[in-house]
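Working notes, beginning with the structure itself.
The values are calculated or read from the model by the stated rules, or taken from the named source; none is laboratory data. Please read these numbers as outputs of a predicted model, since none were measured by experiment. Glycine gets a Cβ as well: all are built from the backbone with ideal geometry, and neighbour counts include every protein chain shown.
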Amino acid sequence: MLDSVIISFDRALRTLTGLTQSTRPVPGAGLAEPDLTPNERRLAAALMRVNHTGEVCAQALYSAQALVARDPSVANRFAAAARDEEDHLAWTQSRLQELQDRPSLLNPLWYAGSFAIGTLAGLAGDRVNLGFVVETERQVEEHLTAHLDRLPEGDAKSRAIVVTMRDDEARHGAMAQEAGAFDLPRPVRDLMHVTAGVMKAVAFRI
């Protein structure tokens, strides 16, 4: 448990200080920087800031869920998914820098809140823990699809990142479903949707 706590603390520090590094190449890295208008650049940056904040939340959720998981195999599944999400975090941060913008100023708050939510989901039992992953990833897939509709048509670099992220999220959700996830009741799913909506609306601007 002590080792897990230390790993969790290290993940939090790396996430919030921007020291996370990708283990996979950045999707679209070889593409030329698109010629975006100022408005298009601001929109692309705002959307990527939301995605970056989502990955900050993912690090917190998976870290907390792995920490309190009862079954070691479930904890290992969360750890593997967290490594993919670490790539996403690094990719979105890199793209924000290319767009000459910054992450959300409230990322420490988003991390703390997500860690608390992940802990509660984990304490409810492994099947609920896995069910939370399934619903989270389903909503994230929908969110990323919506971003593909909103991103400037010419911003192929941002689009490549979002498409790869969406594929990974679908795989994480399928992993949790296959592991025996419990179907969360509708009120819980609705609450998750509202909470995520607040985060996205605020991170888009701040």
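Within the stretch 114-153, which residues are under 12 Å from VAL74 (Cβ atoms) and touching a Lys or Arg at 6+ places or on another chain (Cβ under 7 Å)?
Hit for the stretch 114-153 is ASP126, nothing else.
Let me confirm something: among ILE161, ILE206, which residue is more than 17 Å from VAL133 (Cβ to Cβ), in contact (Cβ under 8 Å) with a residue 40 or more places away in the chain and in contact with a helix residue (DSSP H, G or I) (Cβ under 7 Å, 6 or more places away or on another chain)?
Criteria check complete, one pass: ILE161.
Determine, yes or no, whether ARG70 is touching a residue at least 40 places away in the same chain (Cβ under 8 Å), in contact with an Asp or Glu (Cβ under 8 Å, 6 or more places away or on another chain), of a type outside the set (Ser, Thr, Tyr) and farther than 21 Å from VAL163 by Cα.
For ARG70, the condition - touching a residue at least 40 places away in the same chain (Cβ under 8 Å), in contact with an Asp or Glu (Cβ under 8 Å, 6 or more places away or on another chain), of a type outside the set (Ser, Thr, Tyr) and farther than 21 Å from VAL163 by Cα - is met.
I'm checking my understanding of the structure. Among residues of the stretch 31-55 that are among the hydrophobic types (A, V, I, L, M, F, W, C), touching a Pro at 6+ places or on another chain (Cβ under 8 Å) and assigned to a helix (DSSP H, G or I), which one is surrounded by the most Cβ atoms within 10 Å (Cβ to Cβ)?
It comes out as ALA44.
Quick one: would you say ALA116 is crowded, with 20+ Cβ neighbours inside 10 Å, part of a helix (DSSP H, G or I), modelled with pLDDT under 90 and not aromatic (Phe, Trp, Tyr)?
no
Test of understanding: among LEU109, LEU96, which residue is in contact with a His (Cβ under 8 Å, 6 or more places away or on another chain), farther than 24 Å from MET175 by Cβ, assigned to a helix (DSSP H, G or I) and not aromatic (Phe, Trp, Tyr)?
LEU96
Do you know which residues across the stretch 133-156 are crowded, with 19+ Cβ neighbours inside 10 Å and touching a Pro at 6+ places or on another chain (Cβ under 7 Å)?
ASP155
What is the number of the single condition among (1) touching a residue at least 60 places away in the same chain (Cβ under 8 Å); (2) touching a Phe, Trp or Tyr at 6+ places or on another chain (Cβ under 6 Å) that MET48 does not meet?
Among (1) touching a residue at least 60 places away in the same chain (Cβ under 8 Å); (2) touching a Phe, Trp or Tyr at 6+ places or on another chain (Cβ under 6 Å), MET48 violates only (2).
Within the stretch 168-206, work out how many residues are surrounded by 14 or more Cβ atoms within 10 Å (Cβ to Cβ) and of a type in the set (D, E, K, R).
Summing the residues that are surrounded by 14 or more Cβ atoms within 10 Å (Cβ to Cβ) and of a type in the set (D, E, K, R) in the stretch 168-206 gives 4.
I need every pair where a residue in the stretch 119-137 that is in contact (Cβ under 8 Å) with a residue 12 or more places away in the chain has its Cβ under 6 Å from the Cβ of a residue that is of a type in the set (S, T, N, Q) and crowded, with 23+ Cβ neighbours inside 10 Å, sequence separation at least 6 or different chains.
Matching pairs, first to second residue: ALA121/ASN129; GLY122/GLN65; GLY122/ASN129; ASN129/GLN65.
Quick one: ASP101 ticks every box in (1) modelled with pLDDT of 90 or more; (2) under 14 Å from the mean Cα position of the chain (by Cα); (3) more than 28 Å from GLY180 (Cβ to Cβ) except a single one, so which number is it?
ASP101 satisfies all of (1) modelled with pLDDT of 90 or more; (2) under 14 Å from the mean Cα position of the chain (by Cα); (3) more than 28 Å from GLY180 (Cβ to Cβ) except (2).
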